[in-house]
Amino acid sequence: IAEIIAPISQGDSKNKYFEDRARTLILTMIMHMIVDPRYRNQISFATIFDWLSFIKGTLWEMTGYAVENGKTVIRPNTLGENERIVRQYARQFWDLKDSEKEFGSVISSAQRFMDIFSSPPIAKAMETSEFNGKKFDITQIAKKRTCVYIVIPPEKLKTHSTWLRLMI
């Protein structure tokens with residue numbers, strides 16, 4: 001999913017490093033949202049877009065760090081291997097925050113990739129699985145021959161390409 005949102009650049013991109021790191025950050029945030037039960041009712045790309053706006057607080061939480069009695073401690077890992085992986089990646093980004101230019105470029109790239117989810121109509125479309133008021137079950141497409149038409153005005157193809165890749 002992270003590669004759909006932040007596609008790998010073809011050729012020699014001068015921003016490849018920052019785009020690769022941004023993709024890893026988006027992947028880490030997706031994993032955090034799925035692994036941490038506190039976010040079970042907030043699983044959406046709009047949540048990740050919001051987290052990028054408060055990146056230092058988000059990373060602090062994802063690292064597993066906490067402050068107790070004025071000291072930084074690591075909270076116990078209660079969620080298993082997936083939480084360990086999230087914390088490991090989050091700590092890489094947390095350590096990067098002291099290099100303002102590099103950190104800023106990574107965050108800017110991630111925000112650029114996630115910007116489509118700042119659109120209220122896109123965020124609303126991504127949060128539900130209903131069509132004409134009926135619950136849409138994607139597994140029905142596999143059971144019965146079905147055509148799904150996605151209609152996008154030509155002028156929106158470039159700005160909505162991320163959304164279109166997710167739908168396909």
Kindly indicate which of 93, 18 is part of a helix (DSSP H, G or I), of a type outside the set (Val, Ile, Thr), within 29 Å of residue 160 (Cβ to Cβ) and touching a Ser or Thr at 6+ places or on another chain (Cβ under 6 Å). 18
Assuming residue 72 fulfils every condition listed in (1) touching a Phe, Trp or Tyr at 6+ places or on another chain (Cβ under 8 Å); (2) in a helix (DSSP H, G or I); (3) farther than 19 Å from residue 117 by Cβ apart from one, which condition is it? (2)
So for region 68-77 (the condition being in contact with a helix residue (DSSP H, G or I) (Cβ under 8 Å, 6 or more places away or on another chain), surrounded by 15 or more Cβ atoms within 10 Å (Cβ to Cβ) and modelled with pLDDT under 90), does at least one residue qualify? no
What about residue 45, is it under 17 Å from the mean Cα position of the chain (by Cα) and touching a residue at least 12 places away in the same chain (Cβ under 8 Å)? yes
So, in region 18-55, of the ones that are more than 17 Å from residue 114 (Cα to Cα) and not β-branched (Val, Ile, Thr), which residue ends up most open to solvent (accessible area, probe 1.4 Å)? 41
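The values are calculated or read from the model by the stated rules, or taken from the named source; none is laboratory data. Everything numeric in this text was worked out from a predicted model, so none of it was measured. As a convention, Cβ positions derive from the backbone with ideal geometry for all residues, glycine included, and neighbour counts pool all protein chains shown. Keep in mind that these areas ignore ligands, DNA and RNA; they rest on the heavy atoms of the full protein, side chains included. Shrake-Rupley method; radii C 1.70, N 1.55, O 1.52, S 1.80 Å.
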